[in-house]
1. Out of the total accessible area of the chain (probe 1.4 Å, heavy atoms of protein only), what percent is carbon and sulfur?
2. For MET100, what charge total do you get from the other residues with a beta carbon under 12 Å from its beta carbon, if Lys and Arg give +1 and Asp and Glu give -1?
3. Enter the Cα centre distance for the pair region 125-170 and region 43-110, rounded to the nearest angstrom.
4. From largest accessible area down, sort ASP36, ASP192; use a 1.4 Å probe on the protein chains.
5. In sequence order, what are the phi-derived ³J(HN,Hα) couplings for region 105-120 according to the Karplus relation 6.51 cos²θ - 1.76 cosθ + 1.60 with θ = phi - 60°, rounded to whole Hz, with x for glycine and proline?
6. Could you provide, to the nearest whole Å², the per residue accessible area of the chain with probe 1.4 Å?
7. Where Lys and Arg each count +1 and Asp and Glu each count -1, what net charge lies around ASN334 among other residues with Cβ under 13 Å from its Cβ?
8. Hey, what did the chain get for relative contact order, percent, Cα under 8 Å, at least 6 apart?
Amino acid sequence: MNRNLKTFFNDKVFLVTTCLSILSIIFQKNVMALIDWDTVLTLFILLILVSIFKFYDILTDVSKVILNKTSGVKGIINVIFFSTFIGSMFFTNDAMILVMIPILKSISETIELDVIKISVLIAIFANLGSSVFPIGNPQNIYLMNKFHINIFDFLKMSAPIFFFTIFIILFITHNVEYKKVNFNQKVSWSIDKKKSFWLICVTLATVIGVLLGVTKLPLLFFVVVFAFLLDKRIFLKIDYRVIIILINFLIIAQFVGQTKLIENLLDITLNSPFDIVNSSVVLSQFISNVPSAVIVSNFTPNYEAVYYGVTMGGLGTLVASLANLLTYRQFLSNKEESRRFLKIFSAYNFLLLGIGVIFCALLFKL
């Protein structure tokens, strides 16, 4: 328990957002009433499910099984990128980064790979992948709840991001040398067939319930009871910081959104769909894409433009997305690696951000 508390107090994002949210509550007393608690409960439900998968190392084992069936460096890199991209749609970008980077480091002990470059791309594909499905990240959940977007409209809206990312992955891996390798990662399944069956059933039922807008408290109770029956230690695996940081972001976003300066600025700049995209992108570079989605969506009913803005806005700076910071943390212990990471991260992210903004301009035809 002491170790858990230590991780809270060592997390600068957690500390800074908590301090800012406390100040926001002090100066704007009605701000708590404006929080979208449906979004918070939905994220908590999904975090419990993700924690069950992490507790049994299911995502890691599935990735290893796929990699073991792959021959050649090119195939392995494709599997890493596509596993990250697809997995992020359902298990969030943070979870897939925590799964794929340790696997990548393990593979690099056998095969010569540029771990930092691939890790940067893992973060990019995790961010883009999480935007494709409604439950992939907090901003998707927030926009779904706020604008009552149904699953089919959401998938229609996110389809261009899906194909855009697949094109980028195939383009990047096109010139990778095939180079046959013998790769064999040990897979030790730690969940039996009976528990696997019930986990699949409960996961599907919960995701369908979330997508259909089922009342969140009974759904939360259902998932909590299921996790407790599986193994009460699962609750120690839940990253409660994510929930608190989301609440902090929502409080800060509501406070900032009510300040006259921001109101006047957004009233001037949100004149067209592409203006909304640009405003969301720029704001995300400084305060992250979750609060940007909350702030900008309060000034426009055009959720599609907000969606594209905060999705592309997750690229760029380290603070544009929490997933970026999480990836950076994997290299903080080595100064030389962290410096090289920042250089490659900035080059790749700003290049893809520029391409992404042009892509949005073509979608919305300026």
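1. Carbon plus sulfur share of accessible area: 66 percent.
2. Computed value for this residue: +1.
3. About 19 Å separates the Cα centre of region 125-170 from the one of region 43-110.
4. Highest to lowest solvent-accessible surface, that is ASP192, ASP36.
5. 5, 5, 5, 5, 6, 9, 10, 6, 9, 8, 4, 5, 4, 5, 5, 4
6. Per-residue accessible area for the chain comes out at 48 Å².
7. On the way: positive: LYS105, ARG329, LYS335, ARG339, ARG340; negative: GLU336, GLU337.
Taking every other residue near ASN334 into account, the sum is +3.
8. In percent, rounded to a whole number, it is 23.
The values are calculated or read from the model by the stated rules, or taken from the named source; none is laboratory data. The structure presented is a predicted model; accordingly, all values stated were derived computationally and were not measured. When we count neighbours, we look across all protein chains shown, and the Cβ atoms used for this are built from the backbone with ideal geometry, even at glycine. We work out accessible area using only protein heavy atoms, side chains counted, and drop any ligands, DNA or RNA first. Shrake-Rupley method; radii C 1.70, N 1.55, O 1.52, S 1.80 Å.
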